[in-house]
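Participant: One structure, as structure tokens, below. Some questions next.
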Amino acid sequence: MKVAIIGAGNMGGAIARGLAHGHYIKAQDIIVSNPSSRKLEALKADFPDIRTTHNNKEASEDADIVIIAVKPWKVKEVLEPLRLRQPQILVSVAAGLTFEDLAHFVDPEMPIFRVIPNTAISELASMTLIAARNASDTQIKQMIELFNEMGMSILIEEKQFAAATSLTSCGIAYVLKYVQAAMQAGVELGIKPKDAMKMVAQTVEGAAQLLLKNEQTHPVLEIEKVTTPGGITIKGINQLEHDGFTSAVINAIKASM
């Protein structure tokens with residue numbers, strides 16, 4: 001299977017590296033197009049087998065999957081000249097462009113996927129949202145497997161994208177804001193900033209793994225395990241509630257939709 005990635009910016013470059021790291025697509029079957037050379041050269045330095053070009057048409061003409069990783073306002077300019085059509089598959093990571101928007105620039109009957117990773121894709125730890133149009137069950141399974149190599153992916157309906165993006169793409173910033181706040185507290189209590197960052201980051205990762213690796217659990221159950229009566233954790237939990245922590249998180253996610 002051959003994959004073309006149009007755009008070698010932060011997201012396009014991260015996807016190219018993620019695919020090359022994985023086992024689903026061979027590096028020599030990936031071609032990346034970008035107008036400037038610097039980012040293409042950086043890709044080649046990391047993965048010499050990846051093919052690069054400045055010509056979008058050259059990149060896409062033999063590709064089974066074409067991933068458009070350019071700014072939303074550039075999509076029409078980039079897509080229309082390519083004349084993509086079945087049996088090719090279009091994958092758009094351009095936020096805000098609906099299936100109806102994308103169908104105007106390609107064969108409207110071809111399989112189209114909207115994909116929204118978050119920035120952790122650079123570490124192969126993205127929570128990636130996927131929606132599909134005109135795609136078979138096999139193609140959907142294929143796309144999920146493709147992005148699972150760069151973290152975890154989930155199939156949702158297009159109408160859920162705004163809410164899900166708030167939870168994942170915006171949500172990663174909210175988690176980092178908690179890490180930053182906890183670091184500040186640690187520094188005030190005498191811990192070195194880098195040590196505090198490691199402690200909190202690993203704690204966040206550990207909390208995530210408790211939920212991801214135990215389908216029968218729930219945050220409430222895991223919190224109960226560490227909130228002994230009269231203990232220090234329940235005092236901190238209650239203070240978070242007194243200070244509006246839960247409401248602040250809910251309001252932030254709703255505001256970012």
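Participant: How much accessible surface area, in Å² rounded to 10, belongs to the heavy atoms of His104 with a 1.4 Å probe?
Facilitator: 140 Å²
Participant: Please list, or write none, the aspartates and glutamates whose alpha carbon is within less than 12 Å of the alpha carbon of Lys26, excluding same-chain residues fewer than 8 places away.
Facilitator: Asp49
Participant: Between beta-carbons, use under 15 Å as the cut-off and find the net charge around Leu155, counting Lys and Arg +1, Asp and Glu -1. Working shown, then result.
Facilitator: Details: positive: Arg114, Arg133, Lys141, Lys159; negative: Asp137, Glu145, Glu157, Glu158.
Counting the neighbours of Leu155, the net charge comes to 0.
Participant: Which value, in Å² rounded to 10, gives the accessible area of Ser37 with a 1.4 Å probe and all protein chains present?
Facilitator: Here the accessible area works out near 50 Å².
Participant: Averaged per residue, what accessible area in Å² does the chain show with a 1.4 Å probe, protein chains only? Display every interim value, and only then the final one.
Facilitator: Details: 15020 Å² over 257 residues.
Accessible area per residue, the chain: 58 Å².
Participant: Also, quick follow-up: What distance in nm separates the two pseudo spin-label positions at Glu123 and Ile140, each 7 Å out from Cα along the beta-carbon direction?
Facilitator: If labels sit at Glu123 and Ile140, their model points lie 3.1 nm apart.
Participant: Please report, as a whole percent, how much of the solvent-accessible surface of the chain comes from carbon and sulfur atoms (probe radius 1.4 Å).
Facilitator: Values: 8540 of 15020 Å².
Using a 1.4 Å probe with all protein chains present, the chain comes out at 57 percent carbon and sulfur.
Participant: Another question, then. Along the Cα-to-Cβ line of Met257, 7 Å from the Cα, sits a label point; which residues in segment 153-171 have backbone N less than 14 Å from it?
Facilitator: The answer is 159-168.
Participant: Okay, moving on. Would you mind pulling out the separation of the Cα centroids of segment 184-203 and segment 64-99, in Å?
Facilitator: 43 Å
Participant: May I pose another question? For segment 122-148 and segment 25-55, what is the centre-to-centre distance using only Cα atoms, to the nearest Å?
Facilitator: 22 Å
Participant: If you don't mind, another one. Out of the GluC sites (Glu not before Pro) in segment 157-253, which ones are loop residues according to DSSP with at most 10 other C-beta atoms within 10 Å?
Facilitator: On the way: sites: Glu157, Glu158, Glu188, Glu205, Glu215, Glu222, Glu224, Glu241; in loops: Glu157, Glu215.
Within segment 157-253, the qualifying GluC sites (Glu not before Pro) (loop, at most 10 other Cβ atoms within 10 Å) are Glu157, Glu215.
The values are calculated or read from the model by the stated rules, or taken from the named source; none is laboratory data. Note that the structure is predicted; figures quoted are calculated from it, not measured. Neighbour counts are summed over all protein chains in view; Cβ atoms, including those assigned to glycine, are modelled from backbone coordinates with ideal geometry. Only protein heavy atoms, including side chains, enter the accessible area calculation; ligands, DNA and RNA are left aside. Shrake-Rupley method; radii C 1.70, N 1.55, O 1.52, S 1.80 Å.
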